[in-house]
Amino acid sequence: MPEQQPYEPERAVAGTGMGGGMDLAASEATALERAPGAPGGPGAPGGTQDTGPGAGRPRSLWSDAWRDLRRNPVFVLSALVILFLVVIAVRPSLIASGNPLTCDLARAQDGPAPGHPFGFDGQGCDVYTRTVYGARASVTVGVCATLGVALLGSVLGGLAGFFGGAWDAVLSRTTDIFFAIPVVLGGLVLLSVVTSNTVWPVVGFMVLLGWPQISRIARGSVITAKQHDYVQAARALGASPARILLRHIAPNAVAPVIVVATIALGTYIALEATLSYLGVGLKPPSVSWGIDISAASPYVRNAPHALLWPAGALAITVLAFIMLGDAVRDALDPKLR
């Protein structure tokens, strides 16, 4: 008969919940038996608990991305530049009191002067005032075109990726046709017959030729998302296709669309300036950086300031949106964490 071990008051047996037990110290067994929230138990005041920022809140891709973006100096700098551009696009009179259409031929091609820090262009217009007011057209075209492209492309691509079949085949062949159209050449053909001086024909052209790229990205994201287990579980529980698409697939497939749309916004601003430079985008008396660059090109040797300032504003704007898109891509891509 084996020798009986003496009783040790500092040792106790705690149930494991699976019909067995484990040998623990009495203090450890007592702690396990305490309910969560009880005095001294897990989550109780004075007990062991997570007190860090966001404790108790469920973590998600979006919360993690926002935390990373706030710590990214590239995102902060580009966001401040874009915020400044949006403010002067909405209220250019805050920093420019003149009229961009008021010109004095006697001061044509003059350099900087008191009250006119950027000098005058070939028509005697204040370059500073026109550069500030030119942000309105560029930002309006970029934002409206991006929203239209993202909305149209996401809807068409998402439906094609979710339902598949003939709808997917038709959309794929349609996007192939649009990808074969050169953007600048298409703008020269389509916008040459437009006489409107507003931004809407340019926006409509960009949406018409820009949605296939977003559509393909949205299609691929939806195809990937609908193969996940949570989608299969929702379908097994009887969720309708609309609920599965809107509640389960769309929130998890929209990140790539946001990244591409953010980067494309800067591209659309540059495209508007290109079309305006070629004379088929915005037309005078509209104020646009592309129009000013085109007007200043013939006398760039005599008055380089008339070209450098609007061209510099355009370059900074496009660079800010590209940097913002890169930062958002890095934050939303789990593989880069």
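The values are calculated or read from the model by the stated rules, or taken from the named source; none is laboratory data. Please read all numbers here as calculations on a predicted model, not as lab measurements. Cβ: placed from backbone, ideal geometry, glycine included. Neighbour counts: every protein chain shown. Heads up: the accessible areas ignore ligands, DNA and RNA and are worked out on the full protein's heavy atoms, side chains in. Shrake-Rupley method; radii C 1.70, N 1.55, O 1.52, S 1.80 Å.
For the stretch 305-337, which residues satisfy the criterion of being touching a Leu at 6+ places or on another chain (Cβ under 6 Å) and open to solvent by 30 Å² or more (accessible area, probe 1.4 Å)?
Across the stretch 305-337, the qualifying residue is only D330.
For the stretch 281-304, what are the residues that are in a helix (DSSP H, G or I) and open to solvent by less than 30 Å² (accessible area, probe 1.4 Å)?
The answer is W289, G290, I291, D292, I293, A296.
Looking at A239, A234, A169, which is the one that is at pLDDT 90 or above and either under 17 Å from N252 (Cα atoms) or open to solvent by 20 Å² or more (accessible area, probe 1.4 Å) (or both)?
A169
Residues checked against (1) at pLDDT 90 or above; (2) under 25 Å from N197 (Cβ atoms); (3) not charged (D, E, K, R):
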{"site": "V260", "(1), (2), (3)": "yes, no, yes"}
{"site": "Y268", "(1), (2), (3)": "yes, yes, yes"}
{"site": "E272", "(1), (2), (3)": "yes, yes, no"}
{"site": "S276", "(1), (2), (3)": "yes, yes, yes"}
{"site": "L308", "(1), (2), (3)": "yes, no, yes"}
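Of the residues that make up the stretch 145-154, is at least one closer than 20 Å to Y268 by Cα, open to solvent by 60 Å² or more (accessible area, probe 1.4 Å) and touching a residue at least 24 places away in the same chain (Cβ under 8 Å)?
So far as the stretch 145-154 goes, yes, one or more of its residues are closer than 20 Å to Y268 by Cα, open to solvent by 60 Å² or more (accessible area, probe 1.4 Å) and touching a residue at least 24 places away in the same chain (Cβ under 8 Å).
Just a yes or no: is a residue in the stretch 177-185 at pLDDT 90 or above and closer than 26 Å to H228 by Cβ?
Checked the stretch 177-185: no residue is at pLDDT 90 or above and closer than 26 Å to H228 by Cβ.
Every residue, every condition in (1) open to solvent by less than 60 Å² (accessible area, probe 1.4 Å); (2) of a type in the set (A, V, I, L, M); (3) closer than 30 Å to G220 by Cα, yes or no:
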{"position": "R67", "(1), (2), (3)": "no, no, yes"}
{"position": "N72", "(1), (2), (3)": "yes, no, yes"}
{"position": "G98", "(1), (2), (3)": "yes, no, no"}
{"position": "G161", "(1), (2), (3)": "yes, no, yes"}
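Open to solvent by less than 50 Å² (accessible area, probe 1.4 Å), farther than 27 Å from G312 by Cα, of a type in the set (F, W, Y) and in a helix (DSSP H, G or I) - does that describe any residue in the stretch 191-205?
No, the conditions are met nowhere in the stretch 191-205.
Does the stretch 160-181 contain any residue that is in contact with a Gly (Cβ under 6 Å, 6 or more places away or on another chain) and farther than 17 Å from G266 by Cβ?
Taking every residue of the stretch 160-181 in turn, none turns out to be in contact with a Gly (Cβ under 6 Å, 6 or more places away or on another chain) and farther than 17 Å from G266 by Cβ.
Which condition breaks for P251 when tested against (1) closer than 22 Å to G158 by Cβ; (2) open to solvent by less than 20 Å² (accessible area, probe 1.4 Å); (3) out of contact with any Gly (no Cβ under 9 Å at 6 or more places or on another chain)?
(2)
Conditions tested, residue by residue: (1) within 19 Å of D168 (Cβ to Cβ); (2) at pLDDT below 90.
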{"site": "V193", "(1), (2)": "no, yes"}
{"site": "T198", "(1), (2)": "no, yes"}
{"site": "F205", "(1), (2)": "no, no"}
{"site": "A218", "(1), (2)": "yes, no"}
{"site": "Q227", "(1), (2)": "yes, yes"}
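What number of residues within the stretch 107-130 are buried (at least 24 other Cβ atoms within 10 Å of the Cβ) and not in a strand (DSSP E or B)?
Result for the stretch 107-130: 3.
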